[in-house]
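See below for the structure under consideration.
The values are calculated or read from the model by the stated rules, or taken from the named source; none is laboratory data. All figures in this text were calculated on a predicted structure; none of them were measured in a lab. Reconstructed Cβ throughout: ideal geometry from the backbone, glycine too, with neighbour counts over all protein chains shown.
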Amino acid sequence: MPETPSPDIPDLLRQAQAAGGCAEEFARIHLAGHVEVLNTALHFQRTLGRFLALMGEDTEHVRAQTERRIAEAKDVLRGKLARLLAWARERM
């Protein structure tokens with residue numbers, strides 16, 4: 001049986017907005033936290049990447065680690081939003 005693709009983050013955010021009330025507010029809180037995590041990952045890449053580039057070293061592992069961090073952050077947000085929507089559906 002083929003695996004069903006997980007919902008896209010914008011779709012989950014639209015569903016939370018449509019649910020209104022607490023679900024919409026918690027989705028905004030989760031999104032704000034997600035933005036902070038992404039900013040931290042990008043700051044890491046910028047800082048360490050520049051340092052390594054100035055030292056003449058390869059920066060590929062920094063890029064790979066940043067991409068991993070961003071992918072993990074997206075998975076966490078996707079999970080939080082899916083649980084939030086499940087909770088909102090139970091309350092309706």
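Go over the candidates 56, 79, 33, 49 one by one and state the one that is not in a helix (DSSP H, G or I) and not aliphatic (A, V, I, L, M).
Among 56, 79, 33, 49, only 56 is not in a helix (DSSP H, G or I) and not aliphatic (A, V, I, L, M).
Would you confirm whether or not region 7-17 contains a residue that is outside any helix (DSSP H, G or I) and modelled with pLDDT under 95?
Scanning region 7-17, I find at least one residue that is outside any helix (DSSP H, G or I) and modelled with pLDDT under 95, so the answer is yes.
So which residues in region 64-92 are in contact with a helix residue (DSSP H, G or I) (Cβ under 7 Å, 6 or more places away or on another chain) and free of Cβ contacts under 8 Å to residues at least 60 places away in the same chain, if there are any at all?
Residues satisfying the conditions are 66, 69, 70, 73, 80.
Every residue, every condition in (1) of a type outside the set (Gly, Ala, Ser); (2) modelled with pLDDT of 95 or more; (3) surrounded by 15 or more Cβ atoms within 10 Å (Cβ to Cβ); (4) in contact with a strand residue (DSSP E or B) (Cβ under 6 Å, 6 or more places away or on another chain), yes or no:
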| residue | (1), (2), (3), (4) |
| --- | --- |
| 1 | yes, no, no, no |
| 4 | yes, no, no, no |
| 19 | no, no, yes, no |
| 36 | yes, yes, no, no |
| 48 | yes, no, yes, no |
